[in-house]
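S.K.: Please read through the structure below; I'll follow up with questions.
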Amino acid sequence: MADDFFIVQGLGGKRSLSGELPVRGSKNAALPAMASSLLFDGPLTLSNIPLIGDVEVMGEMLEELGAEVKRNSNGDLVIDAQPVRATSLPRELAKQMRASVILAGPLLARFGEIAFPHPGGCVIGARPIDLFLEGFQKMGAEYEEADSVYRLRAPKTGLRGADIFFRQPTVTGTETLLLAATRAHGKTLLRNAAMEPEVVFLAELLRASGAHIKGEGTPTIEIIGTEKLLRLPAQAGAPRKSIAVIPDRIETGSFLILGALAGKDISITHCEPEHIRILIELLRTAGVNVEAGKDSLLVRAPIKKGTAYKSFGIKTHEYPGFPTDLQAPATVFLTQAHGEALVHETIFDGRLAYTKDLVAMGADIALWDAHRASVKGPTPLRGRELHGPDLRAGLAYLIAAIVARGKSVIYNAQLIDRGYERIEERLKKIGVMIERVSN
Ligand code: EPU
């Protein structure tokens, strides 16, 4: 897997793809849900967990900590974290993935101490953890850092509830402190909290299992901590078997963009259109024919052949604004739309680097600074050799390669595999000419 690459034969601007694209479970909802197993009294069974690299890494980390992790034949993931005793995150694995830091919340709450390295992850700009550390301190923990390893210790009596205001809404920061607060003494308020659907999902999972949480999906979340371990409640007299992870909204949005650019008629199923409302609204103003059902989307090519879409500006924003994770695929859309538009990346400061590769493919993009680029379209794209800088830009390259004329080679397939399950097999089914080459 390590050095796999994709070869894509582009459609040269034709809108010919057709069929169904089922969306898998959300990566960024699955990871904190897996981490929450550390607070459970017995096994936690999660369904709709995608088969992706980051889930593997999180599973391996839990195993190294002492948990039992297995996949049932139906695909459900069962994690029993009761045997866990270790309180140091495995260094190499933790450095591979930013989301490893989420484990710090439940581990600190359960054992009173935790050591972890500065988390790694996608190269999309500075990704500090100051807000996590300050939150833990407010809950009474002390920390020291040496050689990029953080050591945190809770008071002897355990973490205390606290009033925490995030200077900047942070998704994993909110999730980590939410997990910790579930087992702290007393009340915690998380203010200016992230409102992303993944945060809401985690709060619902914890509440369904006995935690006292309210306000998720708003800027203030209130948690009353409890000593009791969590357990999925009985349903109709029988133990609830599993909890299903929400569909991946970034995959949904990326498929929608692909459908708009290269689809004749594509139906995107098992999704939650409301989670990408902003993208649907923007694509509709551009002239894309999108029909939204309760859990599906239908995107059809314009009736008049060759009709060009209109451009629109993008400003990334916390939910329900435009997701930074859809910024790169949306920029590919803009290269094919009429007009000039500004792409303003407000969340991360290294997330426009991929635009130079789109320029090499024929796009007309001016990069003004680390946060802003303008895109003039439409311009035909030509196939290229590409190295994705992160998993979201990697998928944007796949979309660009499908739209382009000629052959593209996309290296670092493992980056795309971190977040998208067997993408080539799924794209082939709708007519994409794509092959994975394994070394
Ligand atoms: N920030 C700080 N200090 C902190 C934490 C965050 O300054 O202690 C800043 C970040 O540098 C950034 C902003 O706050 O400028 C928001 O970052 P956030 O913490 O929300 O990002 P994250 O939790 O690390 C999650 C997703 C990302 C997604 C962002 C933004 C997961 C596992 N990751 O990251 O997803 O881009 O929220 O929505 O949920 C991806 O899936 O490819 C991905 C990068």
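S.K.: Expressed in nm², what is the orientationally averaged projection area of the convex hull enclosing the Cα positions of the chain?
M.R.: 20.1
S.K.: Add +1 for every Lys or Arg and -1 for every Asp or Glu among the other residues with Cβ under 11 Å from the Cβ of LEU202, and state the total.
M.R.: Working: positive: ARG207; negative: GLU175, GLU196, GLU198, GLU204, GLU216.
Here the charged neighbours net out to -4.
S.K.: Over segment 185-319, what lengths in whole Å, largest first, do the semi-axes of the equivalent ellipsoid take, defined as the square roots of 5 times the eigenvalues of the alpha-carbon gyration tensor?
M.R.: Values for segment 185-319, descending: 39, 19, 8 Å.
S.K.: For segment 341-380, what does the convex hull of the Cα positions come to per residue, in cubic angstrom?
M.R.: 53
S.K.: Testing the spin-label approximation: label points 7 Å from Cα along Cα→Cβ at LEU229 and GLN82. State their distance in nm.
M.R.: About 0.6 nm separates the two model spin labels.
S.K.: Something else: What relative contact order, as a whole-number percentage, does the chain give when Cα pairs under 8 Å and 6 or more residues apart are counted?
M.R.: Contact order relative to length: 22 percent.
S.K.: Using θ = phi - 60° and the Karplus form 6.51 cos²θ - 1.76 cosθ + 1.60, what ³J(HN,Hα) does each residue of segment 397-413 get, whole Hz, x for Gly and Pro?
M.R.: 5, 4, 5, 4, 5, 5, 6, 5, 8, x, 9, 10, 10, 10, 7, 6, 4
S.K.: Where a Cα-Cα gap under 22 Å defines reach, which lysines qualify for LYS70, not counting those fewer than 8 residues away within the same chain?
M.R.: Excluding near neighbours in sequence, the set is LYS27, LYS241.
S.K.: Sticking with this one: Quick one: grab Rg to one decimal and Dmax as a whole number for segment 27-244, Cα atoms only, in Å.
M.R.: Cα radius of gyration and Dmax of segment 27-244 are 15.9, 52 Å respectively.
S.K.: Same structure, new question: Relative to the longest principal axis of the C-alpha atoms of the chain, give the angle of the C-alpha long axis of helix 249-262, reported between 0 and 90° and rounded to the nearest 10°.
M.R.: 0
S.K.: To the nearest 0.05, what FRET efficiency results for LYS305 and HIS118 with a Förster distance of 35 Å applied to their C-beta separation? Before the final figure, lay out each step's value.
M.R.: Values: r = 53 Å, r/R0 = 1.50.
Here the calculated transfer efficiency is 0.10.
S.K.: Counting each DSSP H run of 4 or more residues in the chain as -39500 (n - 2.57), what helix-only mean residue ellipticity at 222 nm follows after dividing by all residues, to the nearest 500 deg cm²/dmol?
M.R.: -8500 deg cm²/dmol, from helical runs alone.
S.K.: Which ³J(HN,Hα) values in Hz, rounded to whole numbers, follow from the phi angles of segment 321-326 under the Karplus curve 6.51 cos²θ - 1.76 cosθ + 1.60, where θ = phi - 60° and Gly and Pro get x?
M.R.: Residue by residue, segment 321-326 yields x, 6, x, 4, 5, 9 Hz.
S.K.: Let me ask you something else. Taking amide H positions as placed in the peptide plane 1.01 Å from N, state which residues far from ARG382 in sequence (5 or more) or on other chains have amide H under 5 Å from it.
M.R.: It is GLY362, ARG405, by chain and number.
S.K.: Okay, next question. As an exercise, find the ratio Rg/Rh for segment 298-439 from alpha-carbon atoms, using the Kirkwood inverse-distance average for Rh.
M.R.: When Rh is taken as the Kirkwood radius, the ratio is 0.95.
S.K.: While we're looking at this one, here's another question. Using the per-residue mean of other Cβ atoms lying within 10 Å as a proxy for protection, in what order, highest first, do the peptides 263-274, 93-104 fall? Could you put the intermediate results ahead of the total?
M.R.: Numbers: 263-274: 20.6, 93-104: 23.1.
In decreasing order of mean packing, 263-274, 93-104 become 93-104, 263-274.
All of the numbers you see were taken from the coordinates with simple rules; none came from a lab. Given the structure is predicted, the values throughout are model-derived calculations rather than measurements. Note that we place each Cβ from the backbone using ideal geometry, even for glycine, and neighbour counts take in every protein chain shown.
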